[in-house]
Each structure stands twice: as C-alpha cells, then as structure tokens.
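The values are calculated or read from the model by the stated rules, or taken from the named source; none is laboratory data. Computed from a predicted structure; not experimentally measured. Counting neighbours? That spans all protein chains shown, and the Cβs are built from the backbone with ideal geometry, glycine included.
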Amino acid sequence: MRIVRIAGSGSIAWPSEALGRDEFVELVRREGARLHRDLPWRYIDDPYAVLVSEVMLQQTQVARVEKHWTRFLSLFPTIDSLAAAGTADVLAQWQGLGYNRRALALKRAAETCSAERGGLLPDTAEELETLPGIGPATAAGVMAFAYNRPSVYIETNVRTVFLHELFPDRDKVSDRELAPLVASTCPEDDARAWYYALLDYGAHLKTLVANPSRRSAHYARQSAFEGSRRQKRAELVRVVLAEPGIGADELAERLDAFERAAGRDGVDAATFESIVADLVSEGFFRREGGAFFA
C-alpha cells in the first residue's frame, strides 16, 4: 500500500506496489484501444438512449442487447413516447432480454420525466437516482456516457479490471474499497472513453480468468433460471402478452404444461395464484374478472 497524490484531489491509498496508478491507467488505455468493441450506443450522446442501453445491459449479455436496443428506440424514440406507450407494447419489445421488471421501471422513469421534467432526463447522478429502477451504477453510467462527466461507475467489467490488476491475491474486496480508486482514475475531461476502455478490457479478462468477480465482497452465485419462480413469472407474462384475455384456468393449465414439458412437477393452484398476484400488483398485467390483460 502506498499513498498516491492526485492533482486537484488530494491523495489516496493505492493498493498495488507492483503496478502504480499511472502504469495502471496506461495499461487500461492501451488494452482498451486494442480490445475496442464497436457497439451502436457508443455513437450517441442522447441521455435517454444511453439510459435505455444501460438498463438493458444490466445482467444481460451485450450480444442480446444489440438485437433489442435499436428496435426499442425505433418504436420508443423519446422519453415522451415511452411514457405514452402501453405497458403491453413495452413488455412485448422487452421479450428476450429477461428481467422484465427493468422494462416496467424504465417506463415509470419515463413517465416521471415526461410529467415533471418536460421529457428530459436529470443531469446529475443524485437526481437520476430518484427515478424508478436507477441505482448508483446506472446513474454513473448515464453521467459518463451521455454527459461525459466524471463518475464512480462500478459494474461487473469495471470491477473485474480493478480486482485483477490491483488485488490479485485478495478476496472479499468491497466496492467501498474500490470506489476511491475508480474515482481517482476517472479523468475530468473524458470519462466516456475511460470507462469504455475499462469495460472492454474487463470483458476480455473474463474470457481469460475464471469468474474474476468471485473475489468481490458483493459476489453472489446467481440462482438457476430453469425451474425457478422467475422463469414461471416470465412464462406467464409471455403467454398473457401473446393472448390477451386468456382465462385464469387456461393460463394455469399453460404454466402447468410448460413445467411438465420440461420434466418438472406441475404447478399447484396456490403457487399459480401467488405468482399471478405478484405480477398483478407489480403492474405486469391486470385481472378483469376471470381474464388477464397486459
């Protein structure tokens, strides 16, 4: 551990004796340039379009997001258009990305901005975090990629680079420990390019090092999707979107058949009603008498 002075920012404790701060920055810039990924959302600075990409990229592979991002924006090109869209239309365009809650949160954020901000996103991280579904990482991403302002952007690929290069022999490294290091390396004048370099280098490291995120204090093994309650929820949403007005009995039979076709036990009535109640209360679809509509 050594103390490193940062121009205009005081000093920080730098964890690596082998790789100094300047050497680390140079390494990331060099590897980022070598491994640069040509992604469509890197050629825009519209805050709304950047937000859509950041939300889609949460827990979803880049290749899958590429297929959805352009189409989604062609249908909902502005905050106001997304706010005015029907929930069923938004969810339909989200199919294939997973984690449908993100679509609802994104729409609710758009509704808030449309109603209260003239269809514009906030331009500070603090205000962004007041919107539905936007946490510190997403807000920091918007600040860096839309506004090109310095931020503390910690997501899985960024975390991978810092863990791999600066904490090679440590486990349980917390984001609180990483945050001042991330902040101290982010340039004042080009946060966008810096984080692109970190993201591309981190994505590459994941192909070389087995699960580098496991050394983070925040690492948790993701539960299996197959057979999970989350998969059942996704299947119910898919069916209701495809067949609006489907009756409760038929919907229950569809879910039961879906599970049995996969070689699992069927779904009892109590489980079905519990999942449906959650989906209705969360706004995924509504129940009118004995029928369901998105």
- Message: Among the listed residues Arg42, Arg21, Arg71, Arg30, identify the single one that is surrounded by fewer than 13 Cβ atoms within 10 Å (Cβ to Cβ), among the basic types (Lys, Arg) and under 26 Å from Ser184 (Cα atoms).
- Response: Arg30
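For every residue, the table says whether it meets (1) in the same structural domain as Phe162 (by TED's automatic domain parsing); (2) modelled with pLDDT under 95; (3) within 18 Å of Asn157 (Cβ to Cβ).
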{"residue": "Phe24", "(1), (2), (3)": "yes, no, yes"}
{"residue": "Gln59", "(1), (2), (3)": "no, yes, yes"}
{"residue": "Trp69", "(1), (2), (3)": "no, no, yes"}
{"residue": "Ser81", "(1), (2), (3)": "no, no, no"}
{"residue": "Ala85", "(1), (2), (3)": "no, no, no"}
- Query: Can you name the residue in the range 22-67 that is among the β-branched types (Val, Ile, Thr) and in a helix (DSSP H, G or I) and, of all such residues, is farthest from Gly202 (Cα to Cα)?
  - Reply: Val52
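Out of Ser114, Ser81, which single residue is small (Gly, Ala, Ser), surrounded by 18 or more Cβ atoms within 10 Å (Cβ to Cβ) and in a helix (DSSP H, G or I)?
Within the list Ser114, Ser81, the selection yields Ser114.
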- Conditions (1) at pLDDT 95 or above; (2) outside any helix (DSSP H, G or I); number of the one not met by Leu19: (1)
- Message: Name the single residue that is surrounded by the fewest Cβ atoms within 10 Å (Cβ to Cβ) among those in the range 149-177 being within 15 Å of Leu199 (Cβ to Cβ) and over 18 Å from the mean Cα position of the chain (by Cα).
- Response: His164
- From the residues in the range 226-270 that are part of a loop (DSSP other than H, G, I, E, B) and in contact (Cβ under 8 Å) with a residue 40 or more places away in the chain, which one is nearest to Asn211 (Cα to Cα)? Pro244
- Note on the structure: Scanning the range 192-213 residue by residue, those outside any loop (DSSP other than H, G, I, E, B), in contact (Cβ under 8 Å) with a residue 40 or more places away in the chain and either of a type in the set (Val, Ile, Thr) or surrounded by fewer than 14 Cβ atoms within 10 Å (Cβ to Cβ) (or both) turn out to be none
- Task: Run Val209 past the list (1) outside the structural domain of His164 (by TED's automatic domain parsing); (2) over 21 Å from the mean Cα position of the chain (by Cα); (3) modelled with pLDDT under 95 and report the number of the one that doesn't hold.
- Result: (1)
